[in-house]
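The values are calculated or read from the model by the stated rules, or taken from the named source; none is laboratory data. Just so we're clear, the structure is a prediction, and the values are computed from it rather than from any experiment. Glycine gets a Cβ as well: all are built from the backbone with ideal geometry, and neighbour counts include every protein chain shown.
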Amino acid sequence: MWPRTLRHSIFVELFLFLAFCFAFIACDSGDGDTPPAEDVVSVEDNVQSTSDVSQPVSNCPDAREDECEEKTIWALNVDTGTCCEYAGFCKSPDGWEQYKDLVTCESSLNPPSSNCPPPLDNECEQKTFWAKRPETGECCQYARPCTTPDGWEKFKDLQTCEEPDSTGVQCPPAIEAECEEKTVWGLDKPNNACCQYAGFCMIPDGLEQYKDLDTCEGELEPEEQAVDCPDEEKPGECEKKTVWAKNNSTGTCCEFSGFCHTPDGWEQYKDLTTCEEDTE
């Protein structure tokens, strides 16, 4: 056994050592610069993996691998309202409307008015056309000339359609009235023109009323074709068949008995409809 004084000394030193240790631990835990363990956030937890970032879904599919003339064109994704650029007309997806420039493509996304009727279900060359509503002068855009409403004057661009004197004849505006909605026609005798309206009560006073365009046009004064079409055909020997040619000065389509009989420099057509639809 150790002497009593020695044991007392060892006990005092041990007590002082333990007190010093507890004091050091208390001071270290009170430092405000070190957050508690549960509040420490790993830097890796704040960094989002690039694989988790959602990539935008493109509205423009890849170009088709077809061979055609290489030129920049635009095609309209009607489902998303997006104009997509491609390196040729054969490169765009099947069924998409095609345009020569971005401005024309984007303009088709915002038609002038929701009052424009849907295109007719006809097949013809794809070429953007504008047509003017006879009773209001409103211009509507269509992807093909043969899909414009019957009786509407056609134009190759919006600017020409909107020109005040572009039609030659301005139909009187419709009367604001409520009646059975149906397509009817009014004969404007001073201008020798048939004007379309959406109901009989909307036809202005002074215009004769007709249920269909054919009956109305039957009352028009006949046009003097001799002014625009030559009295005699150009001589020549070729297959005898009815063809049409356009007078470049007046835009009148004239009938001939063969392609070799049309005047020099006139555009030739197989039928009257194609001739009248070509406004270029």
Check your understanding: Is it true that some residue in the stretch 267-279 is over 27 Å from Leu187 (Cβ atoms) and either small (Gly, Ala, Ser) or touching a Phe, Trp or Tyr at 6+ places or on another chain (Cβ under 6 Å) (or both)?
Key -> yes
Check your understanding: Wholly within the stretch 166-280, which helices (runs of 4 or more DSSP H) include no fewer than the required count, namely at least 3 residues that are within 36 Å of the chain's Cα centre (by Cα)?
Key -> 213-217, 272-277
Review point. If you scan the stretch 77-104, which residues turn out to be outside any loop (DSSP other than H, G, I, E, B) and farther than 18 Å from Gln141 by Cα?
Key: Cys84, Glu85, Tyr86, Phe89, Cys90, Lys91
Revision key, fill the gap. When Ala143 is run through (1) of a type in the set (Gly, Ala, Ser); (2) modelled with pLDDT under 75; (3) under 28 Å from Gly95 (Cα atoms), the failure sits at (2)
**Study point:** In the stretch 54-73, the residues that are at pLDDT 85 or above and within 16 Å of the chain's Cα centre (by Cα)
**Key:** Cys60, Ile73
Exercise for review: Look at the stretch 100-123 and say how many of its residues are at pLDDT below 70 and surrounded by 14 or more Cβ atoms within 10 Å (Cβ to Cβ).
Suggested key: 3
